[in-house]
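The values are calculated or read from the model by the stated rules, or taken from the named source; none is laboratory data. Everything numeric here is computed off the predicted structure, so don't read it as measured data. Virtual Cβ from ideal backbone geometry, glycine too; neighbours counted across all protein chains shown. To get the accessible areas, we keep the full protein, side chains included, count just its heavy atoms, and leave off ligands, DNA and RNA. Shrake-Rupley method; radii C 1.70, N 1.55, O 1.52, S 1.80 Å.
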Amino acid sequence: MFHRLRQDINSIIERDPAARNTWEVLTCYPGLQAIVMHRWAHWCWTRRMKWLGRFISYLARIVTGIEIHPGASIGRRVFIDHGFGVVIGETAEVGDDCTIYQGVTLGGTSLHTGAKRHPTLGRGVIVGAGAKVLGGFTVGEYAKVGSNAVLLKPVPAGATAVGNPAHIVQKDAMSAATNPFAAYGVTPNGDDPLSKALRGLIENAVKQELRIEQLVATMKVAGLECQSVADCDKLNSAQLNKLVE
């Protein structure tokens, strides 16, 4: 038990620059306290002391603001940062080295008792603040779920999911594993698939406009007059890309 606790504390110090020492993490980090109390509750739950397990999780919610069902499976070195408002359901599975921020819900969409209703997070998954992961699917290893995303489908290993409903951005799983941590699931290159698609359309429209101007000029040189049309403003790709950002 103490070995796992030391691992948890060290992982928090590695991932949170505000964590100054072991004593501060142990006494002032509700995410760590919720994980420790969940282990007590889960131990009771798996030994048919279900009421006691639920009561311990209830006390943990009062103390920390984090609700973890005693039936949930939580791996090693899981860091719940800030943590207020985090809800983890009964059949959820959280892999080793995952990071979960405040306001996250790992929720279920099925009403069938005994079914796998809640998500499974693979090793090293990061779930940003306010994200909702709903359903009995798997989020692959080292994947990231952006803040306030609403995720309703599986995510491949190393990918990033952003938006509502969440859109998946494919990444290289090996590169994600070598540099797995990104605070709040925010990637440095801003890989929102919708913004990428819009930028591509803007660039394509600018190229099409240039090509049309070249065709019209060539026709005039050849003595072919085109029917005159009203002039319009040219596309400003830099200005439009700023709007997309």
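Scan (i) 259; (ii) 115; (iii) 171 for the value of volume of the Cα convex hull per residue in Å³ calculated from this model and give just the label. The value matching this structure is (iii).
Here each label is just a point 7 Å from Cα along the line to Cβ, and for residue 22 and residue 153 those points are 4.7 nm apart. Mean residue ellipticity, 222 nm, helices only, the chain: the sum of -39500 (n - 2.57) across DSSP H runs of n ≥ 4, divided by residue count and rounded to 500, is -12500 deg cm²/dmol. To the nearest ten degrees, helix 193-221 and the longest principal axis of the Cα atoms of the chain are 10 degrees apart.
Solvent exposure of the chain, expressed per residue, is 57 Å² of accessible area, with all protein chains present and a 1.4 angstrom probe. Accessible surface of the chain, 1.4 Å probe: 59 percent of it comes from carbon and sulfur atoms.
Of all DSSP beta bridges located in the chain, what percent are antiparallel, nearest 5? About 10 percent, rounded to the nearest 5. In this view, the solvent-accessible surface of residue 16, computed with a 1.4 Å probe and all protein chains in place, comes to about 20 Å².
In the structure shown, the pairs 116/153; 153/196; 132/196; 50/132; 50/144 are assessed against 25 Å; a Cα-Cα span above that value is assigned to 50/132; 50/144. Near residue 53, within a Cβ-to-Cβ distance under 15 Å, what is the net charge of the other residues, with Lys and Arg +1 and Asp and Glu -1? Net charge around residue 53: +4.
Placing unit charges on the Cβ atoms only, positive for Lys and Arg and negative for Asp and Glu, gives the chain a dipole magnitude near 1100 debye about its Cα centre. Remark on residue 169: its backbone amide H falls under 5 Å from those of 160, 161, 162, a criterion applied only to residues 5 or more positions apart or on other chains, H modelled at 1.01 Å from N. Packing, as the average of other Cβ atoms within 10 Å across residues, places the peptides 127-137, 3-13, 195-205 in the order 127-137, 3-13, 195-205, highest first. Of the chymotrypsin sites (Phe, Trp or Tyr not before Pro) found in region 16-102, those that fall in a DSSP loop while having at most 15 other beta-carbon atoms within 10 Å are 84.
Which shape class, rounded, prolate or oblate, goes with region 1-95 when its Cα gyration tensor gives a ≥ b ≥ c as root eigenvalues, a/c under 1.5 marks rounded, and past that a/b bigger than b/c marks prolate? Cα axes put region 1-95 in the prolate bin.
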